[in-house]
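Notes to accompany the following structure.
The values are calculated or read from the model by the stated rules, or taken from the named source; none is laboratory data. A quick note: this is a predicted structure, and the numbers were derived from the prediction, not measured. All Cβ positions, even for glycine, are placed from backbone atoms using ideal geometry, and neighbour counts span all protein chains on display.
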Ligand code: BES
Ligand code: ZN
Ligand code: ZN
């Protein structure tokens, strides 16, 4: 549990806490620290430090621990470099807040007092995000290990007081509360996505989603069994699931908190609980990472987790098709032709291009059943996206400029980087089939776009955007901002989407 409070500098008790002080290159931190006598003692000491060393610590992201015993109250101080004040944007603050928390945790401190970072409430959101998201660790299966040594025992409480010069009011409290709900959604999603594939199969994912149901009927969860999938003609999902003993499921979460006649936003997330590639089997190197092929679904569940607690006045439907893609005597094969939910046919040329098959059915079902005002999907869809954009930027493709614009604008705020790729008609030509409406792979070129072109066949003309999160859903070679993206699932997209949904209410 991480407990974050905001307090005025005059009201805090510095006793036995680790004091964390941010230093700007140009010493402008001095202005935000006020006249607190305890901090004055600290700064008098800091002034005596070697200038060269001090200048080094003031650089962005650098830090030094001062083992002080200035008096019985001030025992330990962590100095952390904030660099150039002009460059300290929300992304940097989020990262610094993460570094500060991890550094303190590493040194064995769990009670922190942080003066100076928080000149006004604008920095509060990234501070709470950086602290909360950095202290997350997937340790469910580490519980038996001994925790001797200098690390905190697992799940130890952490308390951080952020200090301001002003008196703090309800506005600060409500921002902390809101950000805590958002981060809890990210953590819920990370826990699911990090879970191993022998624990989380489609049925287990569905069971976990059922916990999102609330008592006041705002959030309703429905899980479609294989029989129901058959009845609805969701043959894309059924075909991909055929190779596994674990039957496919389609999870539907309906959140209704606006008038009945308001069209919902539809969210769709790919949840392949393990992607071996099927008959077109993947190489064994790093195949274990394909437990993360459920990340799109977990992101959507994380959004729904936060949404009901934020109580946003909006209608949202989430659909998560979930399968395990396995090779076996009952598996679907290259050469199969599938009639999809919307009647279009698909020639399967590679069973590893399974994500688009399950998403296509979910999109078609969602669009026809719910008549949404917009559709947004999240999927670890193509390795090609990692080649194109690396591991810090997700691909974004869609059919509606306003929707893309709004998503880009939310992305700028939350620091989850995205880049639009084009969906010209030529890409649709690349997936034409000789024997069916389309085939499930294009050629070697433009792999992320041909995958999206495939999906575009299933959304009619509803405004639609597709996030390819193959490179960003979990930490991989090259992942930056590791402080608040600890090893494993990142929950990329949840904060962005919640901002988008909130903004969509304000601009109604
Ligand atoms: N789940 C993978 C995509 C993926 C690969 C995500 C690596 C993250 C890291 C997807 O199902 C897949 O295998 N796609 C194929 C498509 C190809 C056969 C057209 C790919 O990207 O190689
Ligand atoms: Zn695959
Ligand atoms: Zn996959």
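Only helices (runs of 4 or more DSSP H) wholly contained in the range 1-86 count here; list those with 2 or more residues that are farther than 21 Å from residue 124 by Cα and free of Cβ contacts under 8 Å to residues at least 60 places away in the same chain.
Because the criterion is at least 2 residues that are farther than 21 Å from residue 124 by Cα and free of Cβ contacts under 8 Å to residues at least 60 places away in the same chain, the helices (runs of 4 or more DSSP H) in the range 1-86 that meet it are 37-47, 51-57.
Can you pull out the helices (runs of 4 or more DSSP H) entirely within the range 403-508 that have at least 1 residues that are without any contact (Cβ under 8 Å) to a residue 24 or more places away in the chain and within 18 Å of residue 387 (Cα to Cα)?
Output list reads 447-456.
Let's see how each residue does on (1) closer than 28 Å to residue 176 by Cα; (2) within 15 Å of ligand 2 (Cβ to nearest atom):
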| residue | (1), (2) |
| --- | --- |
| 219 | yes, no |
| 226 | no, no |
| 265 | yes, no |
| 268 | no, no |
| 273 | no, yes |
| 286 | no, yes |
| 291 | no, yes |
| 304 | yes, no |
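Residues 415, 390, 446: which one is on the phi > 0 side of the Ramachandran plot, at pLDDT 95 or above, away from ligand 2 (no atom under 16 Å from the Cβ) and surrounded by fewer than 18 Cβ atoms within 10 Å (Cβ to Cβ)? Before you say what the answer is, go through the steps one by one.
Working: 415 fails: surrounded by fewer than 18 Cβ atoms within 10 Å (Cβ to Cβ); 446 fails: surrounded by fewer than 18 Cβ atoms within 10 Å (Cβ to Cβ).
Selected residue: 390, the only one of 415, 390, 446 that is on the phi > 0 side of the Ramachandran plot, at pLDDT 95 or above, away from ligand 2 (no atom under 16 Å from the Cβ) and surrounded by fewer than 18 Cβ atoms within 10 Å (Cβ to Cβ).
Do we have residue 358 as buried (at least 24 other Cβ atoms within 10 Å of the Cβ), under 17 Å from residue 248 (Cβ atoms) and away from ligand 2 (no atom under 16 Å from the Cβ) here?
Values: buried (at least 24 other Cβ atoms within 10 Å of the Cβ): yes; under 17 Å from residue 248 (Cβ atoms): yes; away from ligand 2 (no atom under 16 Å from the Cβ): no.
Taking the combined requirement at face value, the residue does not satisfy it.
Hey, which of the helices (runs of 4 or more DSSP H) in the range 182-290, taking only ones fully inside, have at least 2 residues that are under 23 Å from the mean Cα position of the chain (by Cα) and surrounded by 15 or more Cβ atoms within 10 Å (Cβ to Cβ)?
Result: 202-210.
Any chance you could count how many residues in the range 303-354 are assigned to a loop (DSSP other than H, G, I, E, B), within 16 Å of ligand 3 (Cβ to nearest atom) and in contact with a strand residue (DSSP E or B) (Cβ under 8 Å, 6 or more places away or on another chain)?
7
Could you count how many residues in the range 262-292 are more than 12 Å from ligand 1 (Cβ to nearest atom), over 16 Å from residue 472 (Cα atoms) and touching a strand residue (DSSP E or B) at 6+ places or on another chain (Cβ under 6 Å)?
So the count comes out to 6.
Please tell me if residue 310 is crowded, with 23+ Cβ neighbours inside 10 Å and away from ligand 2 (no atom under 16 Å from the Cβ).
Judged against the criteria, residue 310 is not a match.
When you go through 359, 407, 396 one by one, which is the residue that is in contact with a strand residue (DSSP E or B) (Cβ under 9 Å, 6 or more places away or on another chain) and within 16 Å of ligand 3 (Cβ to nearest atom)?
Numbers: 407 fails: within 16 Å of ligand 3 (Cβ to nearest atom); 396 fails: within 16 Å of ligand 3 (Cβ to nearest atom).
Exactly one residue qualifies, and that residue is 359.
So which of 381, 396 is assigned to a loop (DSSP other than H, G, I, E, B) and crowded, with 18+ Cβ neighbours inside 10 Å?
Residue meeting the stated conditions: 381.
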